[in-house]
Amino acid sequence: MTTQLQSPGREGYFGPFGGQFVPETLRAALDQLTQEYHAAQADPAFAKEFDRCLREIAGRPSMLYYAGRLSEQVGGARIYLKREDLNHTGAHKINNTLGQVLLCRRMGKKRVIAETGAGQHGVATATAAAVFGLTCDVYMGAEDMRRQALNVFRMELMGARVVRVDSGQRTLKDATNEAMRDWMGSVAHTHYIIGSVVGPHPFPTIVRDFQSCIGREARSQMLQTAGRLPDVVVACVGGGSNAAGMFSPFIADKEVELLGVEAGGTGLSFGRHAASISCGRPGILHGSLSFVLQDEDGQTAPVHSISAGLDYPGVGPEHAWWHQMHRVRYTTCDDAAALQAVCTLSRAEGIIPALESAHAVSAAIQRAAELSSDKIVLICLSGRGDKDCNEIADLLAKVAKPAGATAKEGR
Amino acid sequence: MGLENNRIVKKFAALRAAGKQTLLPFITAGYPNLETTAAVLRELDGAGVGVCELGIPFTDPVADGPVIQASFTAALAAGVTTRGIFDVVRQFRRAGGELPLAAMVSYSIIFRHGVETFVNEAAEAGLDGLIVPDLPLDESAELERFAAGGGLALVLLIAPTTPAERRLEIARHSRGFIYYISVAGITGERTALPEQTLAAVAELRRHTDTPVCVGFGISNATTVREVWRAADGAIVGSAIVKRMEEHAGATPQEIAGVVGKFVRELMA
Ligand SMILES: Cc1ncc(COP(=O)(O)O)c(C=O)c1O
């Protein structure tokens, strides 16, 4: 079962999921990318250069941190954090963009494009493009540009152009459509850096591989620090890249429970969440067959999440496979609980998590509370919350009864 | 069921026998409403066009430019569904309409309905072909099988980026005609045809007897005429939909009249 889980049968497929459901115009570019990736994997110089980039640019390895005060507060399992929030640019996204920019250079392409929701992938792409002197255009929904204004500024400061997308719900899905349309006309000289383990083959595989440094490091750090593997590993799932990067090195460790947390939004009825696996079913979106949120005619459903990075009606095909094989359990965390988790972690550990990561923190706290103190729960803290602070302040002002709630708990 | 009685196949056989080229207008089904679609089909049936492409609105058409996207969004906002579109086709056939019809539809929609169900319903309604712009050859085996069984022509697409050998492989599998995409890019009006297009079509025709039609970016009679020098048909989409958009407030008859006048100009 392990080998089945790890190697797709037909290339580009994870069980029945994945594939390349794209316009013919893009097929050649996907073939080129697949070949280039195989060549890069066989080239020790590529691995060496990627490794250098991860160290010198991203600042890896990221720390493993024992969240002692949080664990004490929860009163259950010991909670560890894999600190992807400490990476340069503030999230796990940089791992992928550095790898893909190196592939882009191998292909001799001079321009990169990306879609972004929370802006973290856009910032990470802009950063990698600046490091290597590539032209960079980032597509971003108008609603996300509002929610994540700081990241828009950061991208522009680094020389990227942010292209505003006004179609659909003006969020991540619509930005992805627009990036694909750009690529339809620019494939000859442009590489599309997809920001998650979604899209047509080979993207889900490439992005997972570039992100798997998270899980590999975390696994050996756990062995070193605690002398054993964690009992539970938790990560938030938007498209699923931080989760895939964290989970994949643990897939073969059958005793380790893997928990993916999707955006529960304001409730699990149509249009109010972004929980593609928990509430969706197999369908096709953005080039691959996976779990999607659609109406019965096959039209993509409207989605909602407090966090721009999870606000997406699809999920990577490998997650669909892990779900179907019962290797990973997928659950949801709603907007309110995520917001609560931001406050909890900030006060307990002095770490302000991204709203996306807060979904994982919330679910992990719940799971840890069910376990005894000899158990270990490891959280992928995918990013830091600086980008969200304005949004969080607004949201807290809305939920705060009298403002005293905050004052009372603080010391 | 074979494809000998398929309207698209028969149409191109007749055109070839007469040594003629044709026009393939694309309209967004249900835009601005289903009554207009019905009226436009009747109009086109008498206008001497080859095949009408009925675009089934989709939320995420990655191969389409702003004009067709906007028409999809408007049609969906007005509540148009695939079944509603099939009903219009069914009524058109019941009233004796003989115009060959191909649905241009995302595989997301086909997959959600179920490949077999979708094909059966489309064939039963009176459609003759399917064009699935986001389904490359490598993923099309299942649809190919059911379409053949249901008597529907599955039209496959070739892009300027398609390698030579793959072009022939696609040509071998395509039924009804082969859709040659003139530009690497999305749909939308362009003023001129890329230079290589005609040479590519001519090369393709040396290897296949299946008719070849050219689409993406064709917007005026001059370009249609140019395409006809090498191909069996010219596909015009955004230019028609834009005219429908300009008259979106008019009656179905009026919009049908606008479309009819424009396609006659294109074929003049
Ligand atoms: C910090 C952070 N975590 C998680 C995500 C969600 O993406 P994924 O599920 O691909 O990790 C994002 C996306 O923007 C993000 O910025």
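Values in this text are rule-based calculations from the coordinates and carry no lab data. Just so it is clear, the structure is predicted and the values come from calculations on it, not from any experiment. Neighbour counts run over all protein chains shown; Cβ positions are idealised from the backbone, glycine included.
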Fewest-first ranking of B:TYR179, A:TYR66, using other Cβ atoms within 10 Å as the exposure measure: A:TYR66, B:TYR179
Among B:181-191, A:229-239, the order from most to least packed when residues are scored by Cβ within 10 Å on average: A:229-239, B:181-191
Three principal axis extents, largest first, for the C-alpha atoms of the range B:142-210, in Å? 40, 27, 17
First measure r as the distance between the Cβ atoms of A:LYS48 and A:ARG164, then evaluate 1/(1 + (r/R0)^6) with R0 = 45 Å and state the FRET efficiency to the nearest 0.05. 0.70
Rule-of-thumb check for the range A:169-310: C-alpha Rg over 2.2 N^0.38 Å? 1.17
Using the Karplus equation 6.51 cos²θ - 1.76 cosθ + 1.60 (θ = phi - 60°), what ³J(HN,Hα) coupling, rounded to whole Hz, does each residue of the range B:142-158 give in order, writing x for Gly and Pro? 5, 5, 4, 5, 5, 4, 4, x, x, x, 9, 7, 8, 8, 9, 10, 10
Label-point separation in nm, B:ASN5 to B:GLU265, each point 7 Å along Cα→Cβ: 4.0 nm
Can you tell me which of A:ALA129, A:ALA42, A:ALA142 moves the most in a GNM of chain A? Springs connect C-alpha atoms under 10 Å apart. A:ALA42
Between the range B:153-172 and the range B:1-68, what's the alpha-carbon centroid distance in Å? 21 Å
Using θ = phi - 60° and the Karplus curve 6.51 cos²θ - 1.76 cosθ + 1.60, what whole-Hz ³J(HN,Hα) does each residue of the range B:202-219 get, with Gly and Pro shown as x? 4, 4, 4, 5, 5, 10, 9, 8, 5, x, 10, 10, 10, x, 5, x, 8, 9
Listed with the fewest Cβ neighbours within 10 Å leading, A:SER167, A:SER212 appear as A:SER212, A:SER167
Counting only other chains, what is the mean number of Cβ atoms within 10 angstrom of the Cβ of each residue in peptide B:80-90? 1
Percent relative contact order of the range A:1-138, based on C-alpha pairs within less than 8 angstrom and at least six residues apart? 16 percent
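What's the average, rounded to a whole number, of partner chain beta-carbon atoms within 10 Å of each residue's beta-carbon in A:163-176?
Mean shielding count: 1.
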So how strong a dipole does chain A carry about its Cα centre when Lys and Arg Cβ are +1 and Asp and Glu Cβ are -1, to the nearest 20 debye? 760 debye
Hull surface divided by four, with the convex hull built on the Cα atoms of chain A: how many nm²? 18.7 nm²
When only C-alpha pairs under 8 Å and at least 6 residues apart count, what is the relative contact order of chain A, in percent? 20 percent
Quick one: compute a quarter of the convex hull surface over the Cα atoms of the range B:1-123 and quote it in nm². 8.2 nm²
So what are the ³J(HN,Hα) numbers for the range A:26-40, from phi and the Karplus equation (6.51, -1.76, 1.60; θ = phi - 60°), rounded to whole Hz, Gly and Pro as x? 8, 4, 4, 5, 5, 5, 4, 5, 4, 5, 5, 5, 4, 5, 5
Sorting A:ILE194, A:ILE379 on the 10 Å Cβ count, fewest up front, what's the list? A:ILE194, A:ILE379
Using helices alone, I'd like the mean residue ellipticity at 222 nm for the protein assembly as shown: each DSSP H run of four-plus residues gives -39500 (n - 2.57), total over residue count, nearest 500. -14000 deg cm²/dmol
Chain B: C-alpha gyration tensor shape, a/c 1.5 cut-off, then a/b vs b/c: rounded
How far is helix A:120-132 tilted, in degrees, relative to the longest principal axis of the Cα atoms in chain A, given as a value from 0 to 90 rounded to the nearest 10? 50 degrees
So what's the gap between the Cα centers of the range A:379-402 and the range A:12-29, to the nearest angstrom? 37 Å
Where does each of A:12-19, A:109-116 land if you order them by average Cβ count within 10 Å, highest first? A:109-116, A:12-19
